[in-house]
Amino acid sequence: GLDISDTNSKESPLFYACAPGRVNLIGEHIDYCGYSVLPMAIEQNILAAVSVNNSGTITLANTNPQYKDFTVSCSEDIGIDRENPTWHYYFLCGVKGIQEKFGMAQLAGMSCVVDGTIPPSSGLSSSSALVCCAGLVTVEANQKSLSKVALAEICAKSERYIGTEGGGMDQSISFLAERGTAKLIEFQPLRATDVKLPDGAVFVISNCCVEMNKAASSHFNIRVVECRIATKMLAQTLGLGSSRLLKLVQVQTELDASLEEMLALVDELLHPEPYSREEICKELGVTSEQFSSELLSANTQHVKLFKLHQRAKHVYGEAARVLQFKSACDSEPAESVRLLGDLMNQSHASCRDLYECSCPELDRLVDICLKSGAVGSRLTGAGWGGCAVSMVPGEKVESFLQAVSKAFYLPDPRRAAMEKQSLFVSKPGGGAAIFLTE
C-alpha cells in the first residue's frame, strides 16, 4: 500500500507506473558489443505513484527513508551529477531522455512517490528499472505517446547521462518483457523474440550480498573500453580500417565470418599479454591525446593496461552460447535442461576467467549452488558482486533452497538477515505498465 497523501494532502495519485527488474539467463557483457542477449523480467519492480500539478516543479520522494527527497524545476535544464550517482539522478535520466525526445521546454509539474522491491546494486537492474519507470511517468504525465521499443531505446540512451555506457539490454527487457516467457533481445534494430524455457526446471536467484554500483565504479566502463579497443585493433590488423568500427559485432559483420571463426582470429591476432597504451597507439596510428579523448571514457582515463585478447574471446564465445541456449529452448531436446545448464556453467567460467567480472563471494556462491543441486549456475548482471542465477530441476527446488541457505546465508549474520530478499525462485514477469486510478 503506497500512501501518497503524506507528501501532499491536496493530491491523490492520477496514475501508477511500474517497470520490472530482470535476470539475464545468458549473454553477459555483450549487449554493448552489439550481440543478442537472453533475459527475463522478474516480479520485483520499481513502482511510482504520480500526481500531475501546476507547481512548476517535479518532486521526488521515496518510500525508503535512506533515499532522500528531491525537487527540480520544470523549466530549467536537468543536470545529472555523475560524480554522485544517487537514486534521484537515475530518475532524472529518464525524465531528461523524454524531455529531449519531444523538445519540451516546459515539463508538466508532478509529484512522484517511488517504491521498489528490486534489491539495489545486486545485478538485477534496479537502476535501469528506475530510469524506465521515470521515462514512462514523464510520457504519461505530459500526455505524449511512444511505442515500447522507442521507450526502451530512449531510456537506454538516457541512462548514459549518469556515465554508464551500457548496451540496452536492461531497458529493453523492462519494456518488452511478457509474463511467462524469456526473450531473445537483438539490437539494431531492437527486437524481442519469445524464448520458452523448459518445463522441467526453475530459475533461482541468489544474491552474494556484495554490492556493485556500476555508475560509482569504473570496472564496467573499463570493459566497454577494452572491447572498443579490441574492435579497432582487429579491424586495423584485418585491413578493415579501424576508424568507423566501434563494436565487436561489426568486425564479424564486415568479414561475414562465423563466431567460431572470430574466436580463431582472436587467438591468431591478439596476444594474451595485456596491451600498453603505447602499443595500442602505435598499432592504430593515434596520438596519446587522441587515445584518451576518442577511445577512453571519463572514468577510465587512469587505465594503463588492456586485456584485449581475453575480453574479445569472452564476447565472441558468449555470443555463441546465447544462440545455442535459444536453439536448445526452441527444439526442446530430451537433454535440454542438462545442455542449458552446461552453457550457463561455461558462461560463468568465461566471466570469471576471461572477462574477470566475478568476485570471490560470487564464485563461492555459484559453487555452493552447483553442489546444492543446480544443473547450471552463473553470475548475472554486471558482476563484481550482486546475484547468481541457477537452473534447478523442478523436483529439487525445496532441497536446493535449504542447502544454499544453510551453506551460504545462515553462517554469516549479515547475509542471514538479508536472506529473505536474497534467495528466491523467479518466473518470467511482464513488462513496464501504467495503471490509471480512475
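For V113, indicate whether it is in a strand (DSSP E or B) and either crowded, with 22+ Cβ neighbours inside 10 Å or touching a residue at least 24 places away in the same chain (Cβ under 8 Å) (or both). When the stated conditions are applied, V113 passes them.
So, of the residues in the range 20-70 that are outside any loop (DSSP other than H, G, I, E, B) and free of Cβ contacts under 8 Å to residues at least 60 places away in the same chain, which turns out to be surrounded by the fewest Cβ atoms within 10 Å (Cβ to Cβ)?
Selected residue: T57.
For first residues located in the range 273-302 and surrounded by 13 or more Cβ atoms within 10 Å (Cβ to Cβ), partners that are of a type in the set (K, R) and at pLDDT below 95 and lie 6+ apart or on another chain with Cβ distances below 9 Å form the pairs N299/R82. Scan the range 319-361 residue by residue and report those that are among the aromatic types (F, W, Y) and over 13 Å from V195 (Cβ atoms). Once the filter is applied, which keeps residues that are among the aromatic types (F, W, Y) and over 13 Å from V195 (Cβ atoms), the range 319-361 yields only Y355. Out of (1) touching an Asp or Glu at 6+ places or on another chain (Cβ under 7 Å); (2) in contact (Cβ under 8 Å) with a residue 60 or more places away in the chain, the odd one out for A312 is which? The failed condition is (1). L92 fulfils the conditions (1) open to solvent by less than 60 Å² (accessible area, probe 1.4 Å); (2) in contact with a helix residue (DSSP H, G or I) (Cβ under 6 Å, 6 or more places away or on another chain); (3) not in a strand (DSSP E or B) except for a single criterion, (2).
Considered as a group, the residues in the range 127-160 that are of a type in the set (A, V, I, L, M) and open to solvent by 30 Å² or more (accessible area, probe 1.4 Å) include one that is farthest from the chain's Cα centre (by Cα), and that residue is L146. Residues in the range 65-122 that are within 26 Å of the chain's Cα centre (by Cα), of a type in the set (D, E, K, R) and more than 18 Å from K157 (Cβ to Cβ): K68, D69, D81, E83, D115. Checked against (1) assigned to a helix (DSSP H, G or I); (2) modelled with pLDDT of 95 or more; (3) closer than 26 Å to K326 by Cβ; (4) not charged (D, E, K, R), I205 passes all but condition (1). Do we find that L124 is out of contact with any helix residue (DSSP H, G or I) (no Cβ under 6 Å at 6 or more places or on another chain), part of a helix (DSSP H, G or I) and crowded, with 24+ Cβ neighbours inside 10 Å in this structure? Judged against the criteria, L124 is not a match.
Would you be able to say whether some residue in the range 393-414 is of a type outside the set (S, T, N, Q) and under 21 Å from the mean Cα position of the chain (by Cα)?
No: the range 393-414 contains no residue that is of a type outside the set (S, T, N, Q) and under 21 Å from the mean Cα position of the chain (by Cα).
Taken as a whole, the structure leaves P198 outside the set of residues that are in contact with a helix residue (DSSP H, G or I) (Cβ under 9 Å, 6 or more places away or on another chain), part of a loop (DSSP other than H, G, I, E, B) and open to solvent by 30 Å² or more (accessible area, probe 1.4 Å). Take the conditions (1) open to solvent by less than 10 Å² (accessible area, probe 1.4 Å); (2) over 20 Å from V322 (Cβ atoms); G163 misses just one of them, which is (1). In the range 225-260, of all residues being touching a Phe, Trp or Tyr at 6+ places or on another chain (Cβ under 7 Å) and among the β-branched types (V, I, T), the one that is most open to solvent (accessible area, probe 1.4 Å) corresponds to V249. Scanning the range 246-293 for residues being part of a helix (DSSP H, G or I) and out of contact with any Gly (no Cβ under 8 Å at 6 or more places or on another chain) gives a total of 28.
The values are calculated or read from the model by the stated rules, or taken from the named source; none is laboratory data. This is a predicted model, so every value here is computed, not measured. Please note: Cβ atoms are built from the backbone with ideal geometry, for glycine as well, and neighbour counts cover all protein chains shown. Note: accessible area is taken over every heavy atom of the protein model, side chains too, but ligands, DNA and RNA are not part of it. Shrake-Rupley method; radii C 1.70, N 1.55, O 1.52, S 1.80 Å.
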